[in-house]
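The values are calculated or read from the model by the stated rules, or taken from the named source; none is laboratory data. It should be emphasised that the depicted structure is a prediction, and the values quoted were computed from it without experimental measurement. Don't worry about glycine lacking a Cβ; one is built from the backbone with ideal geometry, like all the others, and counts go over all protein chains shown. The accessibility values were calculated without ligands, DNA or RNA, using every heavy atom of the protein model including side chains. Shrake-Rupley method; radii C 1.70, N 1.55, O 1.52, S 1.80 Å.
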Amino acid sequence: MAAIRGVFSSNFGFIMAAAGSAVGLGNIWGFPTQAASNGGAAFLLMYLVLAFCLAYPAFMAEILIGRYGQANAVSSLQKIANNAWQKKFAITVGLMGLIGASLILSFYSIVAGWMMAHTIEPIAVVVNMPNIAHWLTDFSVSRNLVFTAVFTLFTMFIISKGVENGIEKWSKRLMPFMLLILVLLIIYVLTLDGAKAGVIAYLSPDLSRIFEPNLLLNALGQAFFSLSLGSGVMIIYGSYIAKKENIVSLGAYVTCIDVGIAFLSGLLIIPAMYVAQAQGVEIFNQQGQLLSEDTLVFTVLPHLFTQMGSVGLLCAFAFFALMSVASLTSSISLLEAPVSYVVERFNVSRKRSTIVVSVVIFLISTLIITNFSTLFGLVITISTQYSQPIVAMLCCVFVGWIWHRNSVLNELKQGDITVENSFFWKVWPWYTKLVCPIAITAVFIHKFV
Ligand code: TRP
């Protein structure tokens, strides 16, 4: 390719973009609901351990592959391969990642569309348009299609602008804004009656559950989804990091932000559920478990907001705006992975590539929306439970077994000449070579037997 590749203009730019990809519905919605149904702080504790011990090393493997390859996921993996069969293997793994990313985006933009519709609903209520307000929150094909399309257009707009003027600029704007809304909401919810019981439930671990296989499985899956692994996303973001940057600490910052936001989201959602209970909303199901997933976000919280009167309208708006913004910074990373591949592989302009890829993904979303009960769960399962862990594991195999150790070290040294003597270099190569592949395979096998 003759065109000059994009590059993040600063460390802060990369951190915001990668953290923007990582922080999304998975943190604000997925993490708290998983924690709520898996023993509160016990889940939090194991999540922390797995995020740093397994997800971070795998994350480092992916961004390093990208920075070395200076290209999309497929070409970057190919550059590491040493012979013909390894190159074929590289193409397969890379394409699997990109197809996975496209499938994730196809359902992610539907869910993000719901968030946008719920953001607008309080406005419709204020301007006295009850029919529109009802349409916005009612589950219909028309609402789903319209808002998936709107959300897709936002994502396309940012991606068509490229790395520095699109991804980096918007991540730098949206991420601090998102954090501000999150913190304001937490402060407000913690002042309400009942919140204290929620904080206690969230932060006191039920230690007997720590080694429950299901808890570990869910925590690992959550950590992988949250760090956007196994989809080529972090390979392409890694390829936009300048060679002079210290990639080890950049990766650590992103992991810390991701885990930190998940923790804060728990501090918002779980106390909010107990506040709802104090106001008479049911938060436990018949088996005595906390309600979670869609019931939580679309029933429990809206109930709470309704009971809070006009402040509730503002809270509903802020909460769903938070969800929408978090989804947008994630969806741009999901779209960038296939778009950058099409640009570099077929030598077409970024605009054209963005349009073609988005239309294909939107068509998949349309198929899901019109066959919701059969396809929605299926696409989520294929992309997040099969494709993502397999590709993440194979990326570790590439770094641990195929890529020459000296070449890995040289790549790391570019941004930090002392890395050879660091704790990271003593531990991480073994992690990517043995611990990550074995752990991911074990989890995978356990899930299906
Ligand atoms: N990590 C995001 C979240 O927590 C979602 C996401 C963005 C993602 N890019 C990804 C998930 C790539 C898997 C793969 O919501």
### Query
When Y341 is evaluated against the numbered criteria (1) buried (at least 17 other Cβ atoms within 10 Å of the Cβ); (2) within 14 Å of the ligand (Cβ to nearest atom); (3) modelled with pLDDT of 95 or more, which criterion, by number, is the only one it fails?
(2)
### Query
Condition test on T354, is it more than 16 Å from the ligand (Cβ to nearest atom) and buried (at least 24 other Cβ atoms within 10 Å of the Cβ)?
yes
#### Entry: Search result, residues across region 63-93 that are farther than 16 Å from G400 by Cα and within 14 Å of the ligand (Cβ to nearest atom)
A73
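Yes/no matrix, rows are residues, columns are (1) of a type in the set (F, W, Y); (2) open to solvent by less than 20 Å² (accessible area, probe 1.4 Å); (3) within 16 Å of the ligand (Cβ to nearest atom):
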position: D206; (1), (2), (3): no, no, no
position: S231; (1), (2), (3): no, yes, yes
position: S239; (1), (2), (3): no, yes, yes
position: V275; (1), (2), (3): no, yes, no
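Here is a yes/no grid of residues against (1) farther than 27 Å from V259 by Cβ; (2) open to solvent by 50 Å² or more (accessible area, probe 1.4 Å); (3) touching a residue at least 24 places away in the same chain (Cβ under 8 Å):
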{"site": "Y56", "(1), (2), (3)": "no, no, yes"}
{"site": "Q70", "(1), (2), (3)": "yes, yes, yes"}
{"site": "K88", "(1), (2), (3)": "yes, yes, no"}
{"site": "L95", "(1), (2), (3)": "yes, yes, no"}
{"site": "P122", "(1), (2), (3)": "yes, no, yes"}
{"site": "V125", "(1), (2), (3)": "yes, yes, yes"}
{"site": "L136", "(1), (2), (3)": "yes, no, no"}
{"site": "T148", "(1), (2), (3)": "yes, no, yes"}
#### Entry: Search result, residues across region 277-298 that are open to solvent by less than 40 Å² (accessible area, probe 1.4 Å) and either polar (S, T, N, Q) or assigned to a helix (DSSP H, G or I) (or both)
S292, L296, V297
### Message
So V74 ticks every box in (1) over 24 Å from the mean Cα position of the chain (by Cα); (2) buried (at least 18 other Cβ atoms within 10 Å of the Cβ) but one. Which box is left unticked?
### Response
(1)
### Query
Under 8 Å by Cβ, and 6 or more places apart or on different chains, what pairs join a residue from region 225-242 that is closer than 18 Å to V339 by Cβ and aliphatic (A, V, I, L, M) with one that is within 13 Å of the ligand (Cβ to nearest atom) and open to solvent by 10 Å² or more (accessible area, probe 1.4 Å)?
V233/L334; M234/S228
### Query
Yes or no: S330 under 26 Å from F14 (Cβ atoms), polar (S, T, N, Q) and either within 15 Å of the ligand (Cβ to nearest atom) or in a helix (DSSP H, G or I) (or both)?
yes
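Take the residues of region 24-38 that are crowded, with 21+ Cβ neighbours inside 10 Å and over 16 Å from the mean Cα position of the chain (by Cα): which is nearest to the ligand (Cβ to nearest atom)?
A35
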### Query
So which residues in region 42-54 are open to solvent by less than 10 Å² (accessible area, probe 1.4 Å) and hydrophobic (A, V, I, L, M, F, W, C)?
A42, F43, A51
## Note on the structure
Given the conditions (1) open to solvent by less than 20 Å² (accessible area, probe 1.4 Å); (2) in contact with a helix residue (DSSP H, G or I) (Cβ under 6 Å, 6 or more places away or on another chain); (3) not charged (D, E, K, R), every one holds for L301 apart from (2)
#### Entry: Candidates I269, I235, I200 - the one that is out of contact with any helix residue (DSSP H, G or I) (no Cβ under 7 Å at 6 or more places or on another chain) and either at pLDDT 85 or above or small (G, A, S) (or both)
I200
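For (1) in contact with a Lys or Arg (Cβ under 7 Å, 6 or more places away or on another chain); (2) not polar (S, T, N, Q), each residue gets a yes or a no:
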residue	(1), (2)
G13	yes, yes
M16	yes, yes
S21	no, no
T33	no, no
Y47	no, yes
### Task
Among the candidates S109, S76, single out the residue that is of a type in the set (S, T, Y) and within 30 Å of T306 (Cα to Cα).
S109
#### Entry: Single match in V443, V379, V419 (criterion: crowded, with 18+ Cβ neighbours inside 10 Å and within 18 Å of K243 (Cβ to Cβ))
V419
### Message
Suppose we filter I210, I257, I235 for residues that are within 16 Å of the ligand (Cβ to nearest atom), surrounded by fewer than 24 Cβ atoms within 10 Å (Cβ to Cβ) and of a type in the set (A, V, I, L, M); which single one remains?
### Response
I257
### Task
Go through region 307-319 residue by residue and tally those that are within 21 Å of K196 (Cα to Cα) and open to solvent by 30 Å² or more (accessible area, probe 1.4 Å).
3
### Message
Here is a list: F398, F346. Which entry is more than 25 Å from the chain's Cα centre (by Cα), within 20 Å of I91 (Cα to Cα) and either free of Cβ contacts under 8 Å to residues at least 12 places away in the same chain or open to solvent by less than 40 Å² (accessible area, probe 1.4 Å) (or both)?
### Response
F346
